[in-house]
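Encoded as structure tokens, the structure appears first; notes follow it.
The values are calculated or read from the model by the stated rules, or taken from the named source; none is laboratory data. Everything quoted here is computed from the prediction, not taken from an experiment. Here the Cβ is made from the backbone with ideal geometry for all residues, glycine too, and neighbour counts use every protein chain on show. Remember, those area values only see protein heavy atoms, side chains included, never the ligands or the DNA or RNA. Shrake-Rupley method; radii C 1.70, N 1.55, O 1.52, S 1.80 Å.
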Amino acid sequence: MSAVVGARRVVRFLLLGLVLTAVLPGLAGAQPFTAWANFVGNPTHGYIQVPHSAALNPTSAFTFEAWVSISNNTTGEDCRSIAGKDYTQAYWFGQCNVGGQPTLRSYLKGGASARNGGIIPRGVWTHIAVVFNGTQRIHYINGEVAATFAETGPLTTSPDPFRIGSDVSWQFTPTGSIDEVRLWNVARTTAQIRSTINERVNTPQPGLVAVWPLDGNANDVIGGRNGAVGGSGVGAQTFAVFANCGSSTGTALCLLNRFSIRAFWRTSPAGNPPDGNAQVIPVANPGSGIFSFFGTSNWEILVKTLNGCGLNNRYWVFSAATTNVFYRMEVWDVTAGEQKIYFNYPGPPAPAVTDTDAMDTCP
């Protein structure tokens, strides 16, 4: 496709086959969203608190990442803490109502260092990241640069604990969920953020300080900087489990009788929510399906799910597309309660997805 909403050439292709307490039992799984921390929000105040350590105060370079789904109201500014280490002294990240839009706000140097940029859609799982590279602060939404601000170093520090879902100086808990929180002492690039946006990071990597998967506990799987639940209204949550996904609808595929798949497209600037839902093109195939964005004669994505349990104990997700617009594709295994989200970024033609490690949900 040469233009954003212009005509697309349909091509043929072949795919090969396509409530948290101090301690809770861990829940295994290969992707984000096996389990996550859920916060009731006001009037309760609950959080996960990690004791202070010097490693939690990166100063020369910095990256914070998390998956969030927050559904606070639109009254006033209504800022809710995603995570922070005393916003008056060091860093803080949250969702604030700015001009009626749920906006990512960050502090990196305490006090008057607040910056706003990028929309976090209410009640939608969204990946956020904030990066400091020595000269810039960069806000990311779902792996796209949503805002860039001039910033100098070094960053300031705080002796206070690090909190998820709160901050020692801004105890306003979000209503919603937080998962897969990561802290780095390096400035991750766009390519690096995208490379692990829908993958577990559970082994040491250069610059990786801590990862809190929030899979039924508050432990850090990298550096042993474990947290503990404080306050009230914090719980472990998972997806509901169903016997099957029924049948495909106008906007959701049901493949192999267990994978519910939806897609959303966007032509507006980065950092904005999708413009619309992809439409299902009816095809009589239990394992494959097709989506369109702008019309039923304009096919955009072919997706298929494969039972690879006999080969590598995984279900596989393959897709190919004839588009260059942004899209988000959600694959939900309704029988196991796991989800994985794939993104295509605007500009070049969408690459194929050949994810043979997609779902650790066999049999």
Does segment 278-293 hold any residues that are in contact with a Leu (Cβ under 7 Å, 6 or more places away or on another chain) and either surrounded by fewer than 18 Cβ atoms within 10 Å (Cβ to Cβ) or modelled with pLDDT under 95 (or both), and which are they? 286, 287
So, first residue surrounded by fewer than 16 Cβ atoms within 10 Å (Cβ to Cβ) in segment 91-105, second residue at pLDDT below 95 and not aliphatic (A, V, I, L, M), Cβ within less than 9 Å, six or more apart or across chains; the pairs are 100/74
Can you tell me how many residues in segment 60-97 are out of contact with any Lys or Arg (no Cβ under 6 Å at 6 or more places or on another chain) and either over 17 Å from residue 128 (Cα atoms) or assigned to a loop (DSSP other than H, G, I, E, B) (or both)? 15
Mind checking which residues of segment 194-250 are loosely packed, with under 13 Cβ neighbours inside 10 Å and of a type in the set (A, V, I, L, M)? 240, 241, 243
Cβ pairs under 6 Å, 6+ apart or interchain, first in segment 168-186 and of a type in the set (D, E, K, R), second outside any strand (DSSP E or B) and open to solvent by less than 10 Å² (accessible area, probe 1.4 Å), ordered by first then second residue, are 179/32; 179/214; 180/32
Taking segment 73-90 as the search range and keeping residues that are crowded, with 23+ Cβ neighbours inside 10 Å and not small (Gly, Ala, Ser), which one is nearest to residue 162 (Cα to Cα)? 85
Qualifying strands (runs of 3 or more DSSP E) (wholly inside segment 241-357; at least 1 residues being of a type in the set (Phe, Trp, Tyr) and over 30 Å from residue 101 (Cα atoms)): 259-266, 299-308, 314-321
Does residue 160 count as at pLDDT 95 or above, within 15 Å of the chain's Cα centre (by Cα) and acidic (Asp, Glu)? no
Please work out which one of (1) in a loop (DSSP other than H, G, I, E, B); (2) buried (at least 23 other Cβ atoms within 10 Å of the Cβ) is the condition residue 181 fails and give its number. (1)
Residues of segment 128-160 being open to solvent by less than 40 Å² (accessible area, probe 1.4 Å), more than 16 Å from residue 111 (Cα to Cα) and small (Gly, Ala, Ser), in sequence order, are 129, 134, 143, 146, 147
Is at least one residue of segment 184-192 basic (Lys, Arg) and open to solvent by 10 Å² or more (accessible area, probe 1.4 Å)? yes
Failed item, numbered, when residue 261 is tested on (1) within 20 Å of the chain's Cα centre (by Cα); (2) closer than 30 Å to residue 47 by Cβ: (2)
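Results for (1) over 21 Å from the mean Cα position of the chain (by Cα); (2) part of a strand (DSSP E or B); (3) of a type in the set (A, V, I, L, M, F, W, C); (4) modelled with pLDDT of 95 or more, shown as yes or no for each residue.
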| residue | (1), (2), (3), (4) |
| --- | --- |
| 188 | no, no, no, yes |
| 191 | no, no, yes, yes |
| 194 | no, no, no, yes |
| 235 | no, yes, no, no |
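So that you can scan it fast, the table gives a plain yes or no per residue for (1) open to solvent by less than 20 Å² (accessible area, probe 1.4 Å); (2) more than 13 Å from residue 331 (Cβ to Cβ):
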{"residue": "261", "(1), (2)": "yes, no"}
{"residue": "265", "(1), (2)": "no, yes"}
{"residue": "271", "(1), (2)": "yes, yes"}
{"residue": "295", "(1), (2)": "no, yes"}
{"residue": "303", "(1), (2)": "yes, no"}
